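Here the structure comes first, spelled out in structure tokens, and everything after it is commentary.
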Amino acid sequence: MAVTGLTFIFGLDDSEVFIFPTLAKEFPEVMLKYGDGTRMPSVALAFPLSGVFFVVGYLLFSYQLMNTDCISITAGASLMIGTLVFDIGLSGFVPMIVVRIAAVIFGAGLAWTGLSSRAYVAKQYADLYHVFGYE
């Protein structure tokens, strides 16, 4: 779900950068009718849907990693908090500085999750070396 949400977000960002400027230049009546694109039926559906997929996907991802003891509880909790704060930041109801801070918190949660999972893998390899006598 998280990958699907990120794919939707990428598609929306791509359309904002490449498609909407061309529409504004070549077909200004479309932009007058739909504004910045968020009132277009397909975008009006895809934008909230991408946010839902993103937040639910990352919450499930971090929860399952914590359940399987692949990462520490604090790393999983930081990823969950970062996901929620980042999704609130992307809602459009908060100032842009909140979005930037939320992105930093989300990135820190991802980094901590990666470091925590790396420590887990290193411990598993150390246990295997000990079991098979590769000391």
Next on the checklist: Give me the percent relative contact order of the stretch 1-57, please, defined on Cα pairs under 8 angstrom at least 6 residues apart.
Outcome noted: 65
Next on the checklist: From Cα pairs below 8 angstrom and at least 6 apart in sequence, can you work out the relative contact order of the stretch 69-135, rounded to a whole percent?
Outcome noted: 40
Item to check | Within the stretch 1-95, chymotrypsin sites (Phe, Trp or Tyr not before Pro) in DSSP loop having at most 10 other beta-carbon neighbours inside 10 Å | outcome: 93
Item to check | Cα Rg, Dmax, the chain, angstrom units | outcome: 20.3, 74
Item to check | Percentage relative contact order, the chain, counting C-alpha pairs under 8 Å, at least six apart | outcome: 22
Next on the checklist: If you build the convex hull over the alpha carbons only and average its shadow over all orientations, what do you get for the stretch 69-135? Give it in nm² to one decimal.
Outcome noted: 4.8
Item to check | Inter-label distance for residue 98 and residue 126, nm, one decimal - labels placed 7 Å from Cα along Cα-to-Cβ | outcome: 4.3
Next on the checklist: Loop only by DSSP, 14 or fewer other Cβ within 10 Å of the Cβ. Give me the trypsin sites (Lys or Arg not before Pro) in the stretch 1-84 that pass, ordered by residue number.
Outcome noted: 39
Item to check | Inter-label distance, nm, simple model (7 Å from Cα along the C-beta direction), residue 7/residue 111 | outcome: 2.9
Checklist entry - If eta is 1.306 mPa s and T is 10 °C, what Stokes-Einstein diffusion coefficient results for the stretch 1-57, Kirkwood Rh from Cα pairs, in µm²/s? => result 135
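Throughout, read-outs are computed from the coordinates displayed, never taken from laboratory work. The structure presented is a predicted model; accordingly, all values stated were derived computationally and were not measured. Neighbour counts are summed over all protein chains in view; Cβ atoms, including those assigned to glycine, are modelled from backbone coordinates with ideal geometry.
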